[in-house]
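Beneath this line is the structure, given in structure tokens, with notes to follow.
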Amino acid sequence: MDKNFYITTPIYYPSAKPHMGHAYSSIAADFFARFKRLQGFNVFFLTGTDEHGQKIQRAAKENNKEPQVFCDEISKTFFNLSKTLNLSNDDFIRTTEKRHKSAVTHLWNILEKKNEIYLSKYSGWYSVSDEAFYNDDEIEEINGKKVSKISGSSVEWVEEESYFFKLSKWQDPLLKFYTENPNFILPESRRNEVISFVKSGLKDLSVSRKSFSWGIKVPSNKEHVIYVWLDALTNYLSALNYPSTEDPLLKNFWPASLHLIGKDILRFHAVYWPAFLLAAGIDPPKRVYGHGWILSNDEKMSKSKGNILDPIEIIGKYGIDPLRYYLLKEVSFGNDGSISKEKLESCINSDLANNYGNLCQRVIAFNEKNLNLKVPESYNFNEEDKKILQIFSSKYNQIIEFIDHQDINNYINFIQDGLFSANKYFNDQEPWNKKKIKTGLIQ
Ligand code: ME8
């Protein structure tokens, strides 16, 4: 069995400080990383920041800062958040690092050498906010403004010389790849969305921009910068020291086990990324999981609505572990879910204090009082003892199955039910009375 497990979060745009949505992706990835480590896997867990492109260049300008200075400042807030969230990540990559730039340049050269890239002209819609090109049929007009139907963000007309990646050529190989790897995209509903998008026809993809400069230069033509998504996706390889094929990180951890992302960036990860890799002769990742959106009181978080939940503020008030638990429990993983401070408080009271906290409290207090915090040797189990142990041991394979399908909610239900049963067992067994009867057994 492959005992290596490579998991990634999206690399976040340091265009503004992090919010709860970013924290959510990172916490979920951390949950899987920790589980796989406990299971005995050799885990590599990566997160970081995505620092090139027009969006960042504009944000820097609005703040009257040089892009690099601006990125250094905001990337630091994401780095600090990774500490506050107590993430167990093994690396934090920034796309402005040298190691990343040389990996991207290398990948570009391979694609060019393999004749997968050609020079032409792009004319069409572009959303700077999404850093995405959109077809005419993906655009609508709202209040006189052209916006993407997919993300709702505003688009602008772009006409410029551009390099193109021969994406259309990869339509059939991609469909074949999805069929042969039915769990490549999860959850299932997102897989269906991606397949129908690819079936509807793929056009060649513009992979360079000429009208701004903040990015990695096309090696053979310095007037162009490499499209930020081709740049950003390569982070998953550059953190493993690609292109050093003999490097243990690359050898052990590629292809990635799981790219955990939000549903908004599925197309980039489940269509463009495997196509770039197939074209370059590199194995695609094993799984891309697109989780849903965190909503604040049932609405998408936005500055204008003033409903942005700041993870740092919430952690300051409630602590990190309650927040981590709440986010994973409350949102049905893969779907959108609404969170609020009120629900967080009631979750802390019911699940953490009453169920889990109560069990810990009574077991530890009883143990401390009678056994000096030592775990007694186990023997002479009665039927009830065996039953409660069985609840946990019999489900071991099923739990692994839940985790390996990113089914967090069934896993948490199992844990909650288990805690409930353990509390009941403690009550029914009345160990304080047993102590009187069989003092010798536990002293
Ligand atoms: O897209 N609910 O960066 P980004 C849940 N740099 N998750 C959310 C969320 C919300 N309300 N808001 C953000 C980018 N996220 C690119 C990625 S990867 C090679 C490049 C999470 O800063 C979610 O994971 O816009 C989403 O996909 C990611 O943050 C987008 O972060």
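The values are calculated or read from the model by the stated rules, or taken from the named source; none is laboratory data. As the structure is a prediction and not an experimental result, all values here were calculated from the model. No Cβ is skipped: glycine too gets one built from the backbone with ideal geometry, and neighbour counts run over all protein chains shown. The protein model used for the area step is the full one, side chains on, heavy atoms only, and it has no ligands, DNA or RNA in it. Shrake-Rupley method; radii C 1.70, N 1.55, O 1.52, S 1.80 Å.
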Practice task
May I ask for the percentage of alpha-carbon pairs in the chain that lie more than 43 Å from each other?
Solution key: 21 percent
Handout entry: 222 nm mean residue ellipticity, helices alone, for the chain (DSSP H n ≥ 4; -39,500 (n - 2.57); rounded to 500)
Key = -13500 deg cm²/dmol
Practice task
Just grab the label-to-label distance for Glu112 and Leu371, each label 7 Å out from Cα along the Cβ direction, in nm (one decimal).
Solution key: 6.7 nm
Problem - Under-27-angstrom lysine pairs by C-alpha in the range 372-440, whenever the two are 8 or more apart or on separate chains - result: 25
Problem - Angstrom value of the Kirkwood radius, inverse mean 1/r, which spans all Cα pairs in the range 1-63 - result: 13.4 Å
Completion exercise
Listed residues Ile308, Ile216, Ile294; largest mean-square fluctuation, Gaussian network over the chain with Cα springs below 10 Å, found at Ile308
Practice task
In Å and from the alpha-carbon atoms only, list the Rg and Dmax of the range 58-100.
Solution key: 12.2, 35
Exercise for the section: Relative to the compact-globule scaling 2.2 N^0.38 Å, provide the ratio for the alpha-carbon radius of gyration of the range 294-368. Expected result: 1.31
Exercise for the section: Would you check the accessible area of Glu223, probe 1.4 Å, heavy atoms only, in square angstrom rounded to 10? Expected result: 110 Å²
Handout entry: Summed residue charge, Cβ within 14 Å of Asp321's Cβ, Lys/Arg positive, Asp/Glu negative
Key = +2
Completion exercise
Placing each pseudo-label 7 Å from Cα in the direction of the beta carbon, Arg362 and Asn86 end up separated by a distance in nanometres of 2.5 nm
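With r defined as the distance between the Cβ atoms of Lys317 and Glu188 and R0 fixed at 41 Å, what FRET efficiency is calculated, to the nearest 0.05? Let's see the in-between values first.
On the way: r = 37 Å, r/R0 = 0.91.
FRET efficiency, Lys317 to Glu188: 0.65.
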Completion exercise
Rounded to the nearest 10 Å², the accessible area of Arg287 using a 1.4 Å probe with every protein chain kept is 30 Å²
Practice task
Please get the size of the charge dipole for the range 122-252, origin at its Cα centre, with Cβ charges of +1 on Lys and Arg and -1 on Asp and Glu, quoted in debye to the nearest 20.
Solution key: 240 debye
Practice task
Based solely on C-alpha atoms, express the radius of gyration and the Dmax of the range 131-235 in angstrom.
Solution key: 16.0, 45
Handout entry: Segments 74-81, 386-393, 415-422 sorted - mean Cβ within 10 Å per residue, highest first
Key = 74-81, 415-422, 386-393
Completion exercise
In units of 2.2 N^0.38 Å, the Cα radius of gyration of the range 229-372 is 1.46
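Would you kindly state how much longer the chain becomes between Glu156 and Ser338 on full extension, computed as 0.36 nm times their sequence separation minus their alpha carbon distance, in nm to one decimal? It would help to have the intermediate numbers written out before the result.
Details: separation 182, 0.36 × 182 = 65.52 nm, distance 3.17 nm.
Net length gain for the segment: 62.4 nm.
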Exercise for the section: Apply the Karplus parameterisation 6.51 cos²θ - 1.76 cosθ + 1.60, with θ equal to phi minus 60°, to every residue of the range 273-286 and state each ³J(HN,Hα) to the nearest whole Hz, in sequence, with x for glycine and proline. Expected result: 4, x, 5, 4, 5, 4, 5, 8, x, 10, 5, x, x, 7
Handout entry: Cβ-placed point charges (K, R +1; D, E -1), dipole of the chain about Cα centre in debye, nearest 20
Key = 820 debye
Exercise for the section: Note the full-extension length gain between Lys305 and Glu62 as 0.36 nm times their separation in residues minus their Cα-Cα distance, in nm to one decimal. Expected result: 85.4 nm
Problem - Extended-chain gain in nm, criterion 0.36 nm per residue less alpha-carbon gap, Asn397 and Asn4 - result: 139.6 nm
Practice task
Given the options Asn89, Asn410, Asn433, state which has the largest fluctuation in a GNM of the chain using a 10 Å cut-off (strictly under) for Cα springs.
Solution key: Asn433
Handout entry: Cα-based reach from Lys199 at 17 Å (exclusive), listing lysines while leaving out same-chain residues under 8 positions away
Key = Lys166, Lys169, Lys176
Fill in the blank from the handout: the range 289-443, convex hull of Cα, quarter of hull surface, nm² -> 11.6 nm²
Handout entry: Interchain or long-range residues, amide H under 5 Å from His291's placed H
Key = Ile261, Gly262, Lys263
Handout entry: Karplus-derived 3J(HN,Hα), 6.51/-1.76/1.60, for each residue of the range 115-126, Hz, glycine and proline x
Key = 6, 9, 10, 9, 8, 7, 10, 9, 9, x, 8, 9
Completion exercise
Sorting His224, Leu205, Ile348 by the position of each Cα along the dipole of the chain (Lys, Arg +1; Asp, Glu -1; all at Cβ), the one nearest the positive end of that ordering is Ile348
Practice task
Taking H placed 1.01 Å from N in the peptide plane, check which residues at least 5 places from Leu309 or on another chain put their amide H under 5 Å from its amide H.
Solution key: Met20
Practice task
Over the range 1-144, consider all pairs of different Cα atoms and compute the Kirkwood hydrodynamic radius from their mean reciprocal separation; express it in Å, one decimal.
Solution key: 17.8 Å
